[in-house]
Amino acid sequence: MVDLIPSLEELRSRPMAQQPQYPDPQAVEPVLAELRKRPPLVFAGECDDLKARIAEVAAGRSFMLQGGDCAETFESVRAADIRGKLRVLLSMAVILTYAAQVPVLKVGRLAGQYAKPRSKDTETRGGVTLPAYRGDAVNGLAFDAASRTPDPNRLLGVYNHSAATLNLIRAFVKGGFADLRAVHTWNSDFVRNSNVEGRYEAMADEIERALAFMVACGVDDASLRTVDFYSSHEALLLDYEHALTRIDSRTGTPYDTSAHMVWVGERTRQQDGAHVEFVKHIRNPIGLKIGPDATPAEVLALADALDPDHEPGRLTIITRMGAARIRTVLPGVVAAVEDTGRRVAWVCDPMHGNTFESSLGYKTRAFSQVVDELNGFFEVHRELGTWPGGVHIELTGDDVTECVGGVDELAEADLANRYETACDPRLNRNQSLELAFTIAEQLSRGRALRHNPVQEFHVEDF
Ligand code: TRP
Ligand code: MN
């Protein structure tokens, strides 16, 4: 392991942003020793499969749907919660697959998304100042000194809750839940009378008829009953990610087995920093989050560091520019990277650049701005002739009220009804499905240009 992956000491000697400050720094060591002995959560071969799928996205033949909570919590590792999120993701995937007729790569932002970068180290309420909440991987959300004190034992909780989540997801996606003949049942408890519900039901009816037709024709493929689903999260806590890194016996190379894909965040992507150094050495597919202030030169340097060999599927660049700036900033970044001949997957995160505080003090996002950023993303790629590879969304399966607007026209005054997020505001189920229909429309527009018609035979050909 010595040469293949930098030691934790070596990583710690570099600038390492956004790490917990444990009261007793030594206390983390026995936890890491335990994690190093635990079985991997994913298999290296699965990471390679995902890389091959991302290469298809980068080549313009597939679309990536990546989504889940902003921050998972230990408390929400419940069957109903996990099923709810999976159901929304599968429903969105069906909308995209059916309406845009593009293969959809399904990647969850889950089974490991427990650590959060924060802009401030502390939070003050009513004159009391405590450490900021950094995710269940580090401390507790409750605003008292005991909860907010970083506890290294929580890293074992991350492993255990990730394993439980991934186990259930694997059972669901291979065990019948993802069967296309169940499209209707995913939304049987839908909020009634919404416009989105009508559209979804109409589509589900069409799919059911098409499937029945295929079955009658004798087509009954296993791919209609299962999906391949991958896990991802931000590689933020390097103690944890390093402890879960294993040398793959087939290839003799290191993989971070905490998830199939990990990404480096906008706040930890310093060129000489420990995060970039760490992910350089693992063979997983890597995501890189890029905000509106990144220069094309900066992005190029990071792309060279993370993907020196221009390996297909290795790099996904997730842009989070904000609706106001995407149309001016994204073209330069995309053009600079594409000019090098490198193929990356371009994914739009329309959430993180569009956060604001509501008049009543809730952190929120406007659905209209989310849609505006997505539309900008598609426009820029259409203009440049590059492929809009995917979206990265923060969502939940519940009917929460965290983002304003959308089909139910949630107003700022409605936010108090069900505001449950541990971190950023998430799209609820209706908003997520509405977004999927919007994306599908954009994709089918592009497809009209790319469509490869079935060859027609004319009598005079023979
Ligand atoms: N296996 C195919 C796919 O993943 C078809 C499929 C089966 C599917 N169940 C699904 C697609 C659920 C989306 C959602 O594309
Ligand atoms: Mn977030």
**Q.** Highest average packing first - 56-62, 26-32, 231-237, Cβ atoms within 10 Å
**A.** 231-237, 56-62, 26-32
Q) Binned at 10 Å from 0, what are the whole-percent values of the Cα-Cα distance distribution for the chain, short to long? A) 4, 20, 32, 27, 13, 3, 1, 0, 0
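Just need the relative contact order of the chain here, percent rounded to a whole number, with Cα pairs under 8 Å and 6+ apart. All intermediate terms of the calculation are to be shown ahead of the outcome.
Details: 826 pairs, mean separation 99.1, N = 462.
Relative CO of the chain lands at 21 percent.
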**Q.** Kyte-Doolittle mean at least 0.0, axial Cα span of 20 Å or more - DSSP H helices of the chain
**A.** 79-100, 154-174, 195-216
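As a test, work out the antiparallel percent of DSSP beta bridges whose residues both lie in the chain, rounded to the nearest 5.
Details: 12 of 45 bridges.
Within the chain, antiparallel bridges account for around 25 percent of the total.
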Q: Rounded to the nearest Å, what's the spacing between the alpha carbon centres of segment 126-183 and segment 299-339? Just the number, please.
A: 30 Å
Q.
Under 16 Å between alpha carbons: how many lysine pairs meet that in the chain, if sequence neighbours fewer than 8 apart on the same chain are excluded?
A. 8
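Normalised by the residues of segment 283-384, what does the relative contact order come to in percent, with Cα pairs under 8 Å and at least six apart?
On the way: 142 pairs, mean separation 30.1, N = 102.
Taking the mean separation of contacting Cα pairs over the length of segment 283-384, I get 30 percent.
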**Q.** Computed Kirkwood radius, in angstrom, where 1/r is averaged over Cα pairs of segment 93-210
**A.** 18.0 Å
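Here, each number is a calculation from the coordinates, and none is a lab measurement. This structure is a prediction, so every number in the text was calculated from the model and none was measured. All Cβ positions, glycine included, derive from the backbone under ideal geometry; neighbour counts span all protein chains shown.
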